[in-house]
1. Calculate the dipole size of the protein assembly as shown relative to its Cα centre from +1 charges on Lys and Arg beta carbons and -1 charges on Asp and Glu beta carbons; express the result in debye to the nearest 20.
2. To the nearest 20 Debye, how big is the dipole of chain A about its Cα centre, given +1 on the beta carbon of each Lys and Arg and -1 on that of each Asp and Glu?
3. Can you compute the helix-only [θ] at 222 nm over chain A? Use -39500 (n - 2.57) per DSSP H run of at least 4 residues, normalise by all residues, nearest 500 deg cm²/dmol.
4. Which GluC sites (Glu not before Pro) does segment B:1-43 hold that lie in a coil by DSSP with at most 10 other beta carbons within 10 Å?
5. Taking the Cα-to-Cβ direction at residue A:67 and at residue B:12 and moving 7 Å from each Cα, how far apart do the two end points lie in nm?
6. Which shape class applies to chain B: rounded if a/c is under 1.5, otherwise prolate when a/b exceeds b/c and oblate if not, where a ≥ b ≥ c are the square roots of the Cα gyration tensor eigenvalues?
7. Modelling each spin label as a point 7 Å along the Cα-to-Cβ direction, I'd like the residue A:38/residue B:1 distance in nm, to one decimal.
8. In the protein assembly as shown, what is the count of Lys pairs whose alpha carbons are under 17 Å apart, counting only pairs at least 8 residues apart or on separate chains?
Amino acid sequence: MSNVNEKIDALLNENSVVLFMKGNQSFPQCGFSARACSILQDLGVKFKDVNVLEDEDIRNGIKVYGNWPTIPQLYINKKLVGGSDIMMEMYQSGELRDLMKA
Amino acid sequence: MTANEMLERLKNSYPGSVVNVISDDNVHFDVVVESKAFNGLSRIEQHQHVMKVFDTELKTGEVHALSLKTKSI
């Protein structure tokens, strides 16, 4: 399991905004992942999309890594922000936009 | 898992709280939990708290999508 954590650490170290999702930002393959992408795209945020459907280790590892059992998951500056519900709430309240500027 | 089963489990997990479950297909669920149990918990911690109640079903995929609205009261 440890090398998956190293893989995840590397992704989070190299990218300030990482969305673990099903599919990719051009072709999301799940409604919640699609909603998460459109939120980030609407904010004009450049982000790293990690397609968990292409890597079973990451798909399971990320759920343990941040104690969050569902996909998508958004990380900003190596901190778990949440799933698409929390992203939507923060997007609507303007909190997500502020977080991006920080 | 049906919406009713989810509701029952939430009622047991969060006695004396506001709990509501809406689902038209028993795969996608809209859940509201307003509970004292969330006092002092961040929004993420509140969601993690509720998802732990359905950890098995989330792992097996029996519950595919859980939309959560939580609030401490």
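1. 500 debye
2. Once rounded to the nearest 20, the dipole reads 160 debye.
3. Helices in chain A give a 222 nm mean residue ellipticity of -15000 deg cm²/dmol.
4. Loop-located and lightly packed - none at all.
5. 2.3 nm
6. prolate
7. The modelled label-to-label distance comes out at 2.7 nm.
8. Within the protein assembly as shown, the lysine pair count is 28.
Values in this text are rule-based calculations from the coordinates and carry no lab data. Predicted model, so just to flag it, every value in this text is computed and none were measured. As a convention, Cβ positions derive from the backbone with ideal geometry for all residues, glycine included, and neighbour counts pool all protein chains shown.
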